[in-house]
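Since the structure comes first, as structure tokens, the remarks are kept for the end.
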Ligand code: ADP
Ligand code: MG
């Protein structure tokens with residue numbers, strides 16, 4: 001059985017920052033359409049891994065094949081063009097604009113729809129605009145933001161704003177979504193809403209997801225497979241049940 005075209009196969013990934021080895025020979029496979037969690041204590045190398053997959057950091061060694069392409073050899077914009085999307089905390093939403101407008105801007109940026117032809121109100125551009133709005137509304141409704149669409153982002157509670165960031169990443173219609181600690185700073189109800197949204201995204205849109213998370217419990221209900229990192233090395237890989245009872249994993253978390 002060969003790898004599916006949209007599997008992500010990470011092999012022997014090593015990342016050095018000067019004298020620091022943030023990742024050492026890390027390998028894992030994300031099957032197409034699955035949710036793969038990357039967990040581990042602080043400093044384990046989880047964010048570094050996502051940063052390599054999205055082209056923010058260069059790999060020192062190893063590969064990350066997504067279909068025909070090795071992501072470690074591509075610049076950020078080419079990785080994005082392959083349909084790989086992530087949330088960026090520093091790419092702020094426009095707080096005074098509505099949720100709908102924020103999502104439409106993201107949609108246009110990714111889809112390269114000409115604002116000029118839209119402004120000229122060409123029939124084709126108008127039809128496209130209606131299609132974009134329908135797609136954006138569908139994404140928002142899917143993750144429980146339907147009733148927020150006409151509100152300015154600044155009016156929303158923290159948990160909703162974080163789901164707007166998720167919606168924005170989905171506006172590019174990615175095949176692979178990279179999420180770094182999506183429930184960080186959330187209260188219980190907010191994290192439940194985010195968990196539901198992520199599960200819905202995976203199942204309804206058929207997207208592969210790599211979910212980085214510090215809290216082991218959060219990923220257990222969501223993940224198909226889990227890779228556990230500690231000090232930049234893979235210490236376990238398996239189903240949630242397998243890694244949860246792994247002595248090395250328990251030891252890593254106890255020492256955290
Ligand atoms: P995690 O996300 O699991 O908490 P990180 O990937 O952020 O861990 O960090 C792993 C290690 O790599 C840490 O020792 C961190 O200090 C180091 N590191 C991460 N990014 C950089 C960077 N840009 N420059 C230097 N060291 C870094
Ligand atoms: Mg991190």
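At a glance:
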item: Sole residue being touching a residue at least 60 places away in the same chain (Cβ under 8 Å) and either in contact with a helix residue (DSSP H, G or I) (Cβ under 9 Å, 6 or more places away or on another chain) or within 29 Å of residue 29 (Cα to Cα) (or both), chosen from 128, 173; result: 173
item: Every residue from the stretch 233-251 that is touching a helix residue (DSSP H, G or I) at 6+ places or on another chain (Cβ under 8 Å) and either closer than 24 Å to residue 192 by Cβ or within 14 Å of ligand 1 (Cβ to nearest atom) (or both); result: 235, 240, 243, 244
item: Residues being within 14 Å of ligand 2 (Cβ to nearest atom) and either assigned by TED's automatic domain parsing to the domain that holds residue 168 or under 15 Å from the mean Cα position of the chain (by Cα) (or both) - total across the stretch 185-213; result: 4
item: Residue that is nearest to ligand 1 (Cβ to nearest atom) [pool: residues in the stretch 170-181 that are surrounded by fewer than 22 Cβ atoms within 10 Å (Cβ to Cβ) and within 18 Å of residue 207 (Cβ to Cβ)]; result: 180
item: Of the criteria (1) closer than 23 Å to residue 51 by Cα; (2) at pLDDT below 95, which one residue 255 fails; result: (1)
item: Qualifying positions in the stretch 181-216 - within 30 Å of residue 231 (Cβ to Cβ), at pLDDT below 95 and not in a helix (DSSP H, G or I); result: 181, 182, 183, 184, 185, 186, 213, 214, 215
item: From 35, 93, residue being under 23 Å from residue 223 (Cβ atoms) and within 19 Å of the chain's Cα centre (by Cα); result: 35
item: Pair list, Cβ < 7 Å and 6+ apart or interchain, from the stretch 96-110 residues that are within 14 Å of residue 131 (Cα to Cα) to residues that are part of a loop (DSSP other than H, G, I, E, B) and modelled with pLDDT of 95 or more; result: 100/149; 100/150
item: Residue within the stretch 87-94 that is within 16 Å of ligand 2 (Cβ to nearest atom) and farther than 30 Å from residue 147 by Cα present; result: no
item: Residues satisfying the stated conditions in the stretch 145-180, i.e. in contact with a strand residue (DSSP E or B) (Cβ under 6 Å, 6 or more places away or on another chain) and part of a helix (DSSP H, G or I); result: 169
item: Residue 63 vs. criteria within 16 Å of ligand 2 (Cβ to nearest atom) and in contact with a strand residue (DSSP E or B) (Cβ under 8 Å, 6 or more places away or on another chain); result: no
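The values are calculated or read from the model by the stated rules, or taken from the named source; none is laboratory data. Since the structure is predicted, the reported quantities are computational estimates derived from the model, not experimental observations. Heads up, the Cβs are rebuilt from the backbone with ideal geometry, glycines too, and the neighbour counts pull from every protein chain shown.
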